[in-house]
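Have a look at the structure below, then the notes.
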Amino acid sequence: MGFKLLGPQILLKQQEKEVKKTTKGGIILAEEKVVEHHIGVITHLGSAFDLSDSPVKVGDKVQYNEFGPKPITVQGEDYLLITLEDLYLILED
């Protein structure tokens, strides 16, 4: 079952990166996922966005305001709900 995001809202998945830790002796410890603060990937755009004229699109990696997003869970998945005004920049590879 899908869902439709209403209004000028954006859903983000918070970006995680895997960190490998090693001891001074060179022993590799278990990998650990660490959240990259204030960076996420856009997964859904609200119905108010004109996709032909929108500055962002699904799949963009963005940096956002620390206090802007609201954490929500949709169909068992954790997302951040945010508005366009709380996005600072689009990160390019």
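The values are calculated or read from the model by the stated rules, or taken from the named source; none is laboratory data. Not measured: the values here are computed from a predicted model. Heads up, the Cβs are rebuilt from the backbone with ideal geometry, glycines too, and the neighbour counts pull from every protein chain shown. Protein only, heavy atoms only, side chains kept; ligands, DNA and RNA dropped before computing areas. Shrake-Rupley method; radii C 1.70, N 1.55, O 1.52, S 1.80 Å.
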### Query
Can you spot a residue in region 22-32 that is free of Cβ contacts under 8 Å to residues at least 24 places away in the same chain and either among the acidic types (D, E) or open to solvent by less than 40 Å² (accessible area, probe 1.4 Å) (or both)?
yes
### Message
Go through (1) in a strand (DSSP E or B); (2) over 15 Å from Q9 (Cα atoms); (3) free of Cβ contacts under 8 Å to residues at least 40 places away in the same chain; (4) out of contact with any His (no Cβ under 7 Å at 6 or more places or on another chain) for D53 and report which single condition fails.
### Response
(1)
#### Entry: Count of region 56-76 residues which are open to solvent by 60 Å² or more (accessible area, probe 1.4 Å) and either among the β-branched types (V, I, T) or without any contact (Cβ under 8 Å) to a residue 40 or more places away in the chain (or both)
9
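Using the structure shown, decide if D53 is among the charged types (D, E, K, R) and surrounded by 13 or more Cβ atoms within 10 Å (Cβ to Cβ). Let's see the steps before the verdict.
Details: among the charged types (D, E, K, R): yes; surrounded by 13 or more Cβ atoms within 10 Å (Cβ to Cβ): no.
No, not satisfied.
Among the residues of region 10-23, how many are out of contact with any helix residue (DSSP H, G or I) (no Cβ under 9 Å at 6 or more places or on another chain) and modelled with pLDDT of 80 or more?
In the first step, residues of region 10-23 are kept if they are out of contact with any helix residue (DSSP H, G or I) (no Cβ under 9 Å at 6 or more places or on another chain); the result is 11-23.
With modelled with pLDDT of 80 or more added as a condition, the list becomes 11-15.
The qualifying residues number 5.
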